[in-house]
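Heads up, the thing below is written out as C-alpha cells.
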Amino acid sequence: MKTTKKTIKKAVSKKAMGNNLEKVRHSLSHLLAEAVLKQFSGTKLGIGPVIENGFYYDFDFGNAKVTDKDLQALENRMRGLMKKELVFKKEKTTYDEAKKFFKNQPYKLELIKDLKKDGKEPTMYATKSGKEVIFADLCAGPHVASTKEINPEAFKLQKIAGAYWKGSEKNPMLTRIYGLAFETKEDLEAHLHMLAEAERRDHRVLAEKLDMFMVDEKIGKGLPLWLPNGYLVRHLIETYMYDKEQKAGYKHVLTPILAKEGLYKTSGHLAHYKEDMYAPIEIEGERYYLRPMNCPHHHSIYNHKLMSYRDLPFRMAEFGNVFRFERSGTLSGMIRTRGFTQNDSHIYATQEQLEAEIIGILELFKEVYDDFNIGGYWFRLSLPDFKNKEKYGDVKNKKMWEDGASVLRSVLKKLKLEFVEGLGEASFYGPKIDIQIKNIYGKEDTIATIQVDYYSAAKFNLNYIDKDGTEQPVVVIHRAILGSFERFFSFLLETTAGDLPTWLSPVQCKVINVGEAHLPYAKEVAAQLEALGARVEVADYDGSVGKKIREAEMKRIPYLLVIGDKEVAAKSVAIRKRGEGDLGIKKTSVFLKEIESELTK
C-alpha cells in the first residue's frame, strides 16, 4: 500500500481513538465502582482495570446478594452520573493520606502496602462535581477529562463472575462485574451480535446437545469424559492423522505418562515449567512426575541406539497424553483442560535438513487443514527476547538460535506465506512458527506450532555419526499439526456450529419410515448404506414423521431419508440434506453412489 500523508493521518487518528477508548473504559470502571457503592453501601473495592473490549471491577459485597438482575440498575446509575458532567482529576497523595482515606477498604490498604514495598508513590483519581469529590480511587490512570467524553449508549454491563483476589486461590473470592465499551452504539451492537453468535457456537453448549463429552466433579475439574459420539469423532480424527503421518514418513511410538524427576531436570521443565506441573508422586523412595510434555520421552527413544546420518531425518510421532496444572478459573470445556492428548511429533535432523523438514511440515499442515476446510489462519515467527534472562538465560549459543530463526523466516518467505514476528514469543529451547487463528470470540489462538530446538541436543546428548565418523548434535523439531485433539475437537465443533462434515458425523444417515409397512424397506436401505461403511440409524420407533425429522435435525445428522409408499414402490428415498432441506426423491442406487465419497476422508 502506498504511504501518503492522508494514510499517516488516518493511522494516527485511529491510534488516538484507541488511546481515548482506553481512557473511556478506565473511567467507566470508576463510574461502576461509584454506582455500586451507592446501591450497595459497605461494599469493599478491589481493582478495576481496562481489558479487551471493555473493563471490569472486583467487589466484596459481604452478605449482599448481587445477580445479573442488578446490572441494569447499576447501568442506570452510571448514566445518571454521566449527566452530571463529572470531571476526573489526578491527585497526588502520600502513603499515610491514602491509608487514612481508604481506612475502611482492606483491599485498597493491601495495594497501598504493596506500592510502598515496591517503592512506588501512590496516586489517586478523584471524580468531581465542581469542587465536590463524588468518588476517588487508588489509580495511576489515564482517564478522560470528563464524562462528556463517554457515549452513554456505547457501553453495557455484561455479566457477573467470581474472581479470586489477586488471582490466587488462597485469597478471598470476589465478585467481578464485566462491562463492554466502544466508541459508538453501532460498534457495541455489532460486538453483542458477535457474542450471541459465539454463544450459539460454544462447543460446551453444542457438546451437551450432541452428547459429545461431559465433566464430572467426582472425577475432577478439567478432566473431561468422552461420550460415545464425541469419542467416535475423536477416533476418526486420530485415524486420519495416523494415516497422514505414516504416509509422510513418521514412526509412531507410545510412551508412559509419568517419569522420574531427573528426566525433567535434564529437560529443563522443572526449571521453566514447574508451576504448571502436578506435585511429585513418591514411589519406592523416588520422585515421579506426570508428564507435561512428551519430548523428554521421545529423546530417550532416540538415544536407545546411536544414529547415523543415513538414519536422519528421523520422524517420531505419538498421540501422547499429558497433564498440566491449569488453574480452575482458566478451565474451559475441551479448550483448556488438565489432561489432554497431543498430536505430537519430534523430528531429529541435521542443520542442512532443517529447511526441507520445515517445508514438509507446512505442506502437511496445509493438506490437513484443507481437508477439514479450515482457513483464515496466519503465521507468527516467534523469536527470543534475550533481555528476558528468566526465560532465555540458558541460551549459550545465540548465533545458533539466530540461524534457526533465519531458516524459519526463509521458509515462510519461500512459500510466500504472510507472517508477523513476535519478539519474546519463542520457547525456552528455540524459535518457532506459530499458526494463529481467531476463535468464535474474535480472540487470537494458536492452532499449530513448529519449534526448532537447539537446547535438547546438548542436554540429552542427542547426536548422530556424520559421514566423517564424528559425532554431531542433531536439531530437534517439535511439531503439532492439530495441537491437542481436545482443543482441535472444540475448535472444529465451534467453527462448524455442530454441523460436522459427513465423514466425521457420528450418525451420517437416518432412515425414517412413514409407517409400519415401510419399515422392511427402510431396514433394507440402511443395510445397503452400512455395506458402504456408513453409520446409519433407522427411526423404527413411535412418533410422527415431522417429529422424527425435527429430532434428527437437532442431532445435526447430514442426511435424512424418508420412506413411504412411493419410495417403496420405486425403490427410492426422499432426501433431506442438512442445511439444504428437501432434495426430492432419488433412486436408492443413485443416492448410494452419490454419498459414497462423503463417507470417509
Practice problem: Please report, in debye to the nearest 20, how large the charge dipole of region 95-151 is about its Cα centre when each Lys and Arg carries +1 at its beta carbon and each Asp and Glu carries -1 there. | Solution: 140
Quiz prompt | Amide H within-cut-off set for H252, under 5 Å, with H built and near neighbours excluded | solution = A317
Self-check item: Residue-span extension gain [K100 to A198] - 0.36 nm each, minus C-alpha spacing
Solution: 30.7 nm
Quiz prompt | From phi via Karplus (6.51, -1.76, 1.60), per-residue ³J(HN,Hα) for region 243-256 in Hz, x at Gly/Pro | solution = 5, 4, 5, 4, 5, 8, x, 8, 10, 8, 10, 9, 10, x
Quiz item: Rounded to the nearest 20 Debye, what is the dipole magnitude of region 209-495 about its Cα centre when Lys and Arg each give +1 and Asp and Glu each give -1 at the C-beta?
Solution: 360
Quiz item: With a sphere of radius 14 Å drawn around the Cβ of G329, what net charge do the other residues whose Cβ falls strictly inside it have (Lys, Arg +1; Asp, Glu -1)?
Solution: +4
Quiz item: Once phi is turned into ³J(HN,Hα) by the Karplus curve 6.51 cos²θ - 1.76 cosθ + 1.60 with θ = phi - 60°, what whole-Hz value does each residue of region 553-563 show in order, with x for glycine and proline?
Solution: 5, 4, 8, 6, 6, x, 10, 10, 10, 9, 10
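Translational D (Stokes-Einstein, µm²/s) of region 457-546 at 25 °C and 0.890 mPa s when Rh comes from the Kirkwood sum over C-alpha pairs?
Estimated diffusion coefficient is 134 µm²/s.
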Quiz prompt | Label-reachable residues, region 311-344, where backbone N falls under 19 Å from a point 7 Å from K159's Cα toward its Cβ | solution = 327-337
Quiz item: Separation between the T330 and V205 pseudo-spin-labels, each 7 Å from Cα along Cα→Cβ, expressed in nm?
Solution: 2.6
Practice problem: Go ahead and estimate [θ] at 222 nm for the chain from helices alone: -39,500 (n - 2.57) per DSSP H run with n ≥ 4, summed, over the residue count, rounded to 500. | Solution: -11500 deg cm²/dmol
Self-check item: Neighbour-limited loop hits for GluC sites (Glu not before Pro), region 143-240 (at most 15 other Cβ within 10 Å; DSSP other than H, G, I, E, B)
Solution: E153, E169, E183, E217
Exercise. Hey, for a label at E169 modelled as a point 7 Å past Cα toward Cβ, could you say which residues of region 336-353 have their backbone N under 19 Å away?
Key: 336-340
Exercise. Arrange the peptides 340-351, 532-543, 577-588, 397-408 so that the one whose residues have, on average, the most other Cβ atoms within 10 Å appears first.
Key: 340-351, 397-408, 532-543, 577-588
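For E189, what is the net charge nearby, where nearby means another residue's Cβ is under 10 Å from its Cβ and Lys, Arg count +1, Asp, Glu -1?
-1
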Self-check item: Loop-located chymotrypsin sites (Phe, Trp or Tyr not before Pro) in region 434-524 whose Cβ has at most 11 other Cβ within 10 Å (DSSP)
Solution: none
Quiz item: For Y309 and K523 in one chain, what is 0.36 nm times their gap in residues minus the Cα-Cα distance, to one decimal in nm?
Solution: 71.2 nm
Quiz item: Considering only region 209-495, what is the antiparallel percent among its DSSP beta bridges, to the nearest 5?
Solution: 85
Quiz item: If contacts are Cα pairs under 8 angstrom and at least 6 residues apart, what is the relative contact order of region 314-457 in percent?
Solution: 22
Self-check item: Which listed pairs, of K209/K366; K305/K432; K244/K413; K120/K274; K100/K128; K23/K389, have C-alpha distances above 23 Å, in listed order
Solution: K209/K366; K305/K432; K244/K413; K120/K274; K23/K389
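Rounded, prolate or oblate: which fits region 362-417 when a ≥ b ≥ c are the square roots of the eigenvalues of the alpha-carbon gyration tensor, with rounded for a/c under 1.5 and prolate only if a/b beats b/c? All intermediate terms of the calculation are to be shown ahead of the outcome.
Values: a/c = 3.30, a/b = 2.21, b/c = 1.49.
It is prolate, given that a/c is not under 1.5 and a/b is the larger ratio.
Tell me which trypsin sites (Lys or Arg not before Pro) from region 122-204 have a DSSP coil assignment and no more than 10 other beta carbons within 10 Å of their own.
K131, K170
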Quiz item: With the calculation restricted to Cα positions, what are the radius of gyration and Dmax of the chain in angstrom?
Solution: 29.6, 93
Quiz item: Is region 502-598 best put as rounded, prolate or oblate by its Cα gyration tensor, with a ≥ b ≥ c the root eigenvalues, rounded for a/c under 1.5, and otherwise prolate when a/b is larger than b/c, oblate when not?
Solution: rounded
Practice problem: Return the sequence-ordered ³J(HN,Hα) values of region 207-214 in whole Hz as given by the Karplus equation 6.51 cos²θ - 1.76 cosθ + 1.60 applied to θ = phi - 60°, using x for Gly and Pro. | Solution: 4, 5, 5, 9, 6, 9, 8, 8
Practice problem: Return a whole-number percent for the relative contact order of region 209-495, with Cα pairs under 8 Å and 6 or more residues apart as the contact set. | Solution: 19
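How high is the FRET efficiency between D68 and E471 when r is their beta carbon distance and R₀ equals 60 Å, given to the nearest 0.05?
0.40
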Self-check item: Farthest positive-ward along the chain dipole, Cα basis, beta-carbon charges - from G422, P473, F340
Solution: G422
Practice problem: Please give the residues of region 119-160, grouped as numeric ranges, whose backbone N is less than 12 Å from a label point set 7 Å along the Cα-to-Cβ vector of E85. | Solution: 130, 146-149
Quiz item: Counting Lys and Arg as +1 and Asp and Glu as -1, each charge on the Cβ, what is the dipole of region 200-259 about the Cα centre in debye, to the nearest 20?
Solution: 180
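How high is the FRET efficiency between E530 and I283 when r is their beta carbon distance and R₀ equals 51 Å, given to the nearest 0.05?
0.60
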Exercise. Assign one of three labels to region 12-184, namely rounded, prolate or oblate, based on the Cα gyration tensor with a ≥ b ≥ c the square roots of its eigenvalues; rounded applies when a/c is under 1.5, prolate when it is not and a/b is larger than b/c, and oblate otherwise.
Key: rounded
Quiz item: How high is the relative contact order of the chain, in percent, with contacts defined as C-alpha pairs under 8 Å that are six or more residues apart?
Solution: 9
Exercise. Could you list which residues have their amide H under 5 Å from that of F379, counting only those 5 or more apart in sequence or on another chain, with H placed in the peptide plane?
Key: V420, Q436
Quiz item: Ranking K523, K260, K100 by Cβ neighbours within 10 Å, fewest first, what do you get?
Solution: K100, K260, K523
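Just so you know, all these numbers are worked out from the coordinates, no wet-lab data involved. All figures in this text were calculated on a predicted structure; none of them were measured in a lab. Backbone-built Cβ (ideal geometry, glycine too); neighbour counts: all protein chains shown.
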